[in-house]
Amino acid sequence: MKSFKPHALLTALISGGLLASPAHAGDSNSALIDKLIERGVLTEQDVRDLRESEAQEEQRRAEQVQAEDRYQGLEYEPTLPLQNVDDRIQARKFRVESQDGKNRFGLRGRLMVDTEVANWDDNLSEAANEADPIPEHGTYLRRARLGAIGVYNNLWEWQLEVDFRDSDVRFANAYVARLFDQGRLAVGNFKEPFSLESSTSSRRLTFMERATPVDAYRPSREIGLMYETLVPDWYFAAGVFGGDGTDRDRDVKEGYSLATRGSFAPYMSDDTFTHLGASFNHRVNATDEGTLEDVRLRSREGARAIDVRLIGRNDLEGVDSYNRYALEAAWGKGPFSLQGEYLRVDLDLDREQVLDAHGSNATDKSSLTLDGYYVQASYFLTGEQRNYRPFSGDFGAVRPNSTFGHGGTGAWEVAARYAHADSMEHTRVGRGNKMDHYTLGLNWYPNQDMVFKLNYMYFDYEGRGGKSDGNHVLAARAQFEF
């Protein structure tokens, strides 16, 4: 005769709900338990222990559901639970998650490889004040990033990401953030909140590079403290940031900035989105042994493989403080979308330092204004639509309707953009520049993690050495992320 195992009976009782608390148990269940105790199969301590264990398991399941539903529908990557909840490991994009869902860890990375050929106008070298002939082709490892992200105890989010571009190791995102029910408070190194195009990740851009005025006038990453919302239909962020990057020079008295950005979606449906937003950034410049540091507001030809420095070729000296502004709008219906922004920078000058730096070549102005704008349109030939995210006021990953190599074609997108940047005002007379920039794009997304981009660009330029009309650039990118 087989020996009786009370633990097997206890397991059966738990699975059948017979050890539920008396408030929820039926009379027959209570009677059965009493008989088992009377006959010595169970002790009263056994029942208490198992009921306590069951209560703990119920609490764990409730906490797990709460963790998974905390930011429902926001597609906020670090806090999203894994889809495969059985083994809590996701292999394609490597993620590991604790059984209760409170702790998550993941590896991420991106690789962008660019190539470019160009046909320059004969006057470009002179207009851009290039002493040497400008190359007509090049290749470049645009971005090579590796990082880790995670959530600790369902209360803290963290990220550490480095970029191996240009044979150097640079910090990209490096921060920790306290999570709240409707937002987060982050401290570390990350983007200052500004502009739709600037806030959108480089992985999600329609074109290879951001539009000329955004590229030139936007702030970069700085060490700071920022609060931003995590709510479904609108976004707001405000923060204070330092002004010396992640490097340290004890001779530099770093500046600071106060930055804010807000956006909302006036109308949203399954196939339609609208977006309106605005940004403001006030920066007080840093000083190096009492001298104001040069300010760089620069953009290139629309690619980086050749790296022709056009807008902001010469840095601005003697800038005491400056304000940045951005107005943004976007609309999409089905596979078609429109997007545009106006950007402006107002710079206040220290006249004494400008005169010391340039003498008779110094501007007679006490302030400068630089501005620009862009408009763009895109259309998915295969029927997809842009992944607008109102909770963060930016665009997420494109989701192809079919996957190439598995019976599908992937997603195909065509796009066009016009951009204008006017940086003619400068601290030195005659050192300003402006540009009209046109781009046509063709993008192929074979799957959600890869994209191949082809951009044809044309631009007219006015700079220190005159005008240059009729410059042509053809550039391509292979991009992969995990």
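The values are calculated or read from the model by the stated rules, or taken from the named source; none is laboratory data. What you see is a predicted model, and the numbers here were worked out from it, not measured in a lab. Using ideal geometry, Cβ is built from the backbone for each residue, glycine included, and neighbour counts are taken over all protein chains shown.
I'd like to verify a number: residues in segment 412-446 that are of a type in the set (Phe, Trp, Tyr) and more than 19 Å from THR212 (Cβ to Cβ), how many? Can you show your working first?
We begin by selecting, within segment 412-446, every residue of a type in the set (Phe, Trp, Tyr); these are 412, 418, 438, 444-445.
Filter again for more than 19 Å from THR212 (Cβ to Cβ), leaving 412, 444-445.
Matching residues across segment 412-446 total 3.
Residue by residue, here is whether (1) part of a strand (DSSP E or B); (2) not basic (Lys, Arg) holds:
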{"residue": "GLU413", "(1), (2)": "yes, yes"}
{"residue": "ARG431", "(1), (2)": "no, no"}
{"residue": "ASP436", "(1), (2)": "yes, yes"}
{"residue": "LEU440", "(1), (2)": "yes, yes"}
{"residue": "VAL451", "(1), (2)": "yes, yes"}
{"residue": "MET457", "(1), (2)": "yes, yes"}
{"residue": "LYS467", "(1), (2)": "yes, no"}
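Does GLU209 qualify as being farther than 24 Å from SER321 by Cβ, part of a strand (DSSP E or B) and in the same structural domain as GLY441 (by TED's automatic domain parsing)? For GLU209, the condition - farther than 24 Å from SER321 by Cβ, part of a strand (DSSP E or B) and in the same structural domain as GLY441 (by TED's automatic domain parsing) - is not met. Residue pairs whose Cβ atoms lie under 9 Å apart, separated by 6 or more positions or on different chains, with the first residue in segment 379-399 and under 19 Å from PRO446 (Cα atoms) and free of Cβ contacts under 8 Å to residues at least 12 places away in the same chain and the second among the charged types (D, E, K, R) and part of a strand (DSSP E or B), do not occur.
Mind checking which residues of segment 240-271 are under 17 Å from LEU196 (Cα atoms) and either of a type in the set (Lys, Arg) or in contact (Cβ under 8 Å) with a residue 24 or more places away in the chain (or both)? Hits for segment 240-271 are ALA259, THR260, ARG261, GLY262, SER263, PHE264, ALA265. Within segment 167-190, the set of residues being part of a loop (DSSP other than H, G, I, E, B) and either free of Cβ contacts under 8 Å to residues at least 12 places away in the same chain or within 18 Å of ARG143 (Cα to Cα) (or both) comprises ASP168, VAL169. One residue stands out among those in segment 204-257 that are among the small types (Gly, Ala, Ser) and out of contact with any strand residue (DSSP E or B) (no Cβ under 6 Å at 6 or more places or on another chain): the one that is nearest to HIS275 (Cα to Cα), which is SER220. The lone criterion from (1) closer than 23 Å to TYR322 by Cα; (2) of a type in the set (A, V, I, L, M); (3) not in a strand (DSSP E or B) left unmet by VAL231 is number (1). Among the residues of segment 258-298, those identified as in a strand (DSSP E or B), under 20 Å from VAL214 (Cβ atoms) and over 20 Å from the mean Cα position of the chain (by Cα) are HIS282, ARG283, VAL295.
So which residues in segment 303-316 are closer than 18 Å to ASP371 by Cα and either within 20 Å of the chain's Cα centre (by Cα) or surrounded by fewer than 24 Cβ atoms within 10 Å (Cβ to Cβ) (or both), if there are any at all? Lay out the reasoning, then the answer.
Step one: list which residues in segment 303-316 are closer than 18 Å to ASP371 by Cα, which gives 309-316.
ARG309, GLY312, ARG313, ASN314, ASP315 - these are the residues of segment 303-316 that are closer than 18 Å to ASP371 by Cα and either within 20 Å of the chain's Cα centre (by Cα) or surrounded by fewer than 24 Cβ atoms within 10 Å (Cβ to Cβ) (or both).
When the criteria are applied in full, VAL354 fails the requirement of being surrounded by fewer than 17 Cβ atoms within 10 Å (Cβ to Cβ) and touching a strand residue (DSSP E or B) at 6+ places or on another chain (Cβ under 9 Å). Residue-level analysis places GLY245 outside the set of residues that are assigned by TED's automatic domain parsing to the domain that holds ASP294 and modelled with pLDDT of 95 or more.
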